[in-house]
Amino acid sequence: MTLKAVGPPDEKPHATIRFASGTKRDDEPGHSEPPAQISDSSARRDDRPDQPVAITMPVNVRSAALTVLAVLATILVLQYAQAMVIPIVLGLLISDALEPIVARLTRWRLPRPVAAAIVLLLVTGASARLVYGLRFEVSAIVDHLPDAARRLRRIVETDRPTPAVAIEQVQKAANELERAAIADQLRIEK
């Protein structure tokens, strides 16, 4: 849609609106619809009808600062309310995930509360069976945690070079680089 200024500037606003389909509509001050607002930028855009009209607004420093403060305040409030917000969000996600199953049961002419109760019981039963089936594996992992922690500590302690060893390794690398540089200079001189 393109707006084009028509008439001298001292008259009431009168605009021609050009739609993408090529049709025009004249807005005159006597019609029931309010006249279209005309700006210099829209008159300049008339030669480029395919480009969308962009509204540019200056950025106010106060509004940007207020936006940053509002975002920080929202994060702070969410941090303090996480004990309440997390279960609500988790409940919404679970209800959205289970909605297709409940909808299918309602298509089979079950009342929606009964379908939701059936789905809830099935999910709870499946979760309980999964936890019950994994109880031996979880207890075995918990029993092996102290041994794994000891092995990890030994690996970290033995692989960590002492400061003297690290300095010696750096000195050896420096000596090797010096020898390579000397050999390279001798080769160039020959």
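Only one residue in Arg129, Arg154, Arg135, Arg150 is under 21 Å from Ile94 (Cβ atoms) and either of a type outside the set (A, V, I, L, M, F, W, C) or touching a helix residue (DSSP H, G or I) at 6+ places or on another chain (Cβ under 9 Å) (or both). Which one?
Values: Arg154 fails: under 21 Å from Ile94 (Cβ atoms); Arg135 fails: under 21 Å from Ile94 (Cβ atoms); Arg150 fails: under 21 Å from Ile94 (Cβ atoms).
Only one candidate passes the filter, namely Arg129.
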Candidate set from segment 150-164 (those that are surrounded by 10 or more Cβ atoms within 10 Å (Cβ to Cβ) and hydrophobic (A, V, I, L, M, F, W, C)); member that is modelled with the highest pLDDT
Leu152
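The values are calculated or read from the model by the stated rules, or taken from the named source; none is laboratory data. On a predicted model such as this, the values are computed, not experimentally measured, just so you know. Reconstructed Cβ throughout: ideal geometry from the backbone, glycine too, with neighbour counts over all protein chains shown.
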